[in-house]
Amino acid sequence: MAPRTIAPFGPQHPVLPEPIQLKITYENEKVVDVVPALGYGHRGIEKACELNEYPKNIHLCERICGICSCMHGISYCEVVERLWPMEVPPRAKYLRTIWSEMSRTHSHLLWLGLLADALGFESMFMQFWRIREKVLDLLEMTCGSRVTQSVSVVGGVRRDIDDEQKKICIRTLQEVRQEAEALINVLATDPTVKARTVGKGVLTKEQAILLGNNGPHLRASGVKEDCRMLGMQAYGELGFEPVVETDGDCYARALVRARETLQAIDLQLEAFSKMPEGEIYVRPKGSPPANEAVYRCEQARGEVFYYAKGNGTRKLERLRVRTPTFANIPSLLVMLPGSELADVPIIVLSIDPCISCTER
Amino acid sequence: MIENLKEISKDTLLQEVQKFADAKARFVTTVCSDLGDKLEVTYYFNYSPGVDMVALRMVVGKDEEVPSISGIYLTAVLSENEMFEQFGLKVKDMAIDFGGLMLLGKDSPVKPMVKDDAAAGKGGE
Amino acid sequence: MPVMLPTIIRNLFGGPATRMYPVQVRDPFEGARGHIEFDDDKCILCGNCARQCPAAAIEINKEKNELVFYPARCIICFVCAEACKKDAVIASNKWRTPYYTKPVEVHVAKAKKEKAKKE
Ligand code: SF4
Ligand code: SF4
């Protein structure tokens, strides 16, 4: 038997800007065992949400994750709205959809850049991040902030997009789409990229379902599942079809995210054209009643699960957040053993890990 | 109100979960909450694609031991470890046992999510 | 590679995509959330802002007739600006510059005092 070596991967690693440690046991460059070690970013947000009054939790939930912060805020508002239950005005639904899709666009562009970076394709990395900057500018223009948007409140949204901003958004999004499409074509056909990703970290459809994967990671294995199919917010009216690939390897995951980037821009453009006029906020009546609610939303990284339990006071009895990476980490325990040590960064990156999300 | 909720006991848990695994349902998550003298554990599953979730709920005493479903769904291992750490729910035979050190450290508060006076802090800061 | 040619040429001859930041600053967007200031002349010390602030960055001291603001705690959400009925919180779109020590701003609410004097 060849000698076995145990090497730590993370929590500080050049490829992975996330605080997770994987203790990798390898034998002649082949990984044989992986043990994850978490706990570098636990902040006790679930507990803090029980101690705060419910409107203040929006800002706390937005800080669960930097990239998906807009969607965390929206999901929290939606789950609390389901406690009454109350309806938000249609325009607010469209605005939430638009901001969610904008977040998805910039998150996927960020990930595509990181993938190029992990492969050593530095110039591609910079090209992706340059066009991502335009989307961030749109978010800053419409929401007021690049990262923690803080636009959603229980009962609606805080800001409206006026006609002038709408025009700028549509024009910029069309530009972004064109530029992103050109870059994605290069990334998808480049032989070096293919050599590093095709056939790495394969998960079959059955494995992916049993491992509870979600998001682009699951759809790359050929499962047509996406929470946006449930038709929450305005997705029901936008004719949404999930993006599915069947190979289940790192290349398929990259393709799913690349196609979703373009799809997200199309959805935004469609939402802009269909957006109704009207109110954007209704005031919730009193405190959240004693009731329970669950809500699932498709974030850039996958499905986020919110559970809220009210008790009739201004504070919530319990709030539970299950973030996408929390369910995707166990799939590493199946994908990594048997792979080459040099492929570990790519495979870990291919689930788009977000550890501060996971630990909350 | 949670739709498709089924009340079970800890003895029938594994049987019920096995039914989901046979039907190729996806495990979503567990939710544990403190009812005062008991703990309420809810398991959420999802039949693909894109339909509402199905939930299994059981109420157990604070010092009771429940079986682990990580033998059927490996992915449940993280949420079971989390329940053990945050609520002190004892789970038997977990596939990976972090021993209460998954999210928390050695000097962290013990069972921080339990609602007693010792764990309650000041809100807003 | 030929598909990338236009990009390559543009990058070769075009200027940098970034700015020389501290020297050259982009104008903030109109609705951007930069920082908040208090208008002491208008504040009546009602405490709406302090109650709704998610970061507990505002403290009201009724005895001393003071509003104490901790800018380092503020997360710039502008909830206070929406909560204030007297427009005493001014929402600005300019970012604060970094600081080495955490400042504490003490505002004496003048409107309150004048009202009290009249009575
Ligand atoms: S700033 Fe406005 S909300 Fe705050 S105490 Fe003064 S008047 Fe009231
Ligand atoms: S901007 Fe937000 S965090 Fe800052 S003082 Fe106002 S309410 Fe508090």
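Just so it is clear, none of the values below were taken in a lab; they were calculated from the coordinates. Note that the structure is predicted; figures quoted are calculated from it, not measured. Please note: Cβ atoms are built from the backbone with ideal geometry, for glycine as well, and neighbour counts cover all protein chains shown.
Annotations for the structure displayed:
- Shown for the range A:43-314: lysine pairs separated by 8 or more places, or found on different chains, whose C-alpha atoms are under 17 Å apart, numbering 12.
- Only the Cβ atoms of Lys and Arg (+1) and of Asp and Glu (-1) were treated as charged; on that basis the dipole of the range B:5-112 about its Cα centre amounts to roughly 220 debye.
- Sorted by Cβ neighbour density within 10 Å, fewest at the top, the residues A:Arg314, C:Arg26, A:Arg253, B:Arg26: C:Arg26, A:Arg314, B:Arg26, A:Arg253
- Residues within the reach of a label modelled at C:Ala72 (point 7 angstrom out along Cα to beta-carbon, backbone nitrogen below 15 Å), restricted to the range C:43-66, are C:57-58.
- Sequence-distant residues sharing a close amide H with A:Ser339 (under 5 Å, placed H): A:Val31
- Kirkwood Rh, Cα atoms: Rg over Rh of the range C:1-71: 1.37
- Amide H within-cut-off set for A:Gln21, under 5 Å, with H built and near neighbours excluded: A:Ala37
- Cross-link pairs exceeding 18 Å between alpha carbons, from the set B:Lys10/B:Lys38; A:Lys315/B:Lys115; B:Lys90/B:Lys111; C:Lys64/C:Lys86: C:Lys64/C:Lys86.
- When each of C:Arg19, A:Arg96, A:Arg159 is scored by the number of other beta-carbon atoms lying within 10 Å, the sequence from fewest to most is C:Arg19, A:Arg159, A:Arg96.
- Between A:Glu237 and A:Gln207, residue separation times 0.36 nm minus the direct Cα-Cα distance comes to 7.5 nm.
- Given charges at Cβ of Lys, Arg, Asp, Glu: the range A:43-314 dipole, positive-most of A:Cys169, A:Ala234, A:Leu51: A:Leu51
- The C-alpha atoms of chain B define a longest principal axis, and helix B:13-22 lies at about 50 degrees to it.
- Descending Cα extents along the principal axes, the range C:3-119, whole Å: 77, 29, 24
- The 3J(HN,Hα) values that the Karplus relation (6.51, -1.76, 1.60; θ = phi - 60°) gives for the range B:99-109 are, in residue order, x, x, 10, 6, 9, 8, x, 5, 9, 6, x Hz. Gly and Pro appear as x.
- Under 5 Å between amide hydrogens, built in the peptide plane, is the criterion, and for B:Leu89 it picks out B:Phe84 among residues at least 5 positions away or on other chains.
- Convex hull (Cα only) mean projected area of the range B:5-112, reported in nm² to one decimal: 6.8 nm²
- Computed from backbone phi with θ = phi - 60° and the Karplus coefficients 6.51, -1.76 and 1.60, the 3J(HN,Hα) list for the range C:42-52 is 9, 5, 10, 6, 6, x, 4, 5, 5, 5, 8 Hz; x is used for glycine and proline.
- Kirkwood-based Rg to Rh ratio, the range A:14-123, C-alpha trace: 1.10
- 3J(HN,Hα) couplings calculated from phi for the range A:251-268 with the Karplus curve 6.51 cos²θ - 1.76 cosθ + 1.60 (θ = phi - 60°) are, in sequence order, 5, 4, 5, 5, 5, 4, 5, 5, 5, 5, 4, 5, 5, 4, 5, 4, 4, 5 Hz; Gly and Pro show x.
- Chain B: calculated mean residue ellipticity at 222 nm from DSSP helix runs of at least 4, using -39500 (n - 2.57): -5500 deg cm²/dmol
- Note on C:Ile8, A:Ile280, C:Ile44: ascending count of other Cβ atoms within 10 Å places them as C:Ile8, C:Ile44, A:Ile280, the fewest first.
- Principal axis box of the range B:50-89, alpha-carbon based, largest edge first, Å: 36, 21, 18
- Computed magnitude of the charge dipole of the range C:27-118 (debye, nearest 20; Cβ of K, R +1, Cβ of D, E -1): 420 debye
- Within the protein assembly as shown, all pairs of alpha-carbon atoms sorted by distance into 20 Å bins from zero give the percentages 19, 52, 27, 3, 0.
- Pairs of C-alpha atoms in chain A farther apart than 27 Å represent 47 percent of all such pairs.
- Sites matching GluC sites (Glu not before Pro) across the range C:1-60 that sit in DSSP coil, with at most 12 neighbouring C-beta atoms within 10 Å: C:Glu30
- In chain A, Cα pairs under 8 Å separated by at least six residues give a relative contact order of 26 percent.
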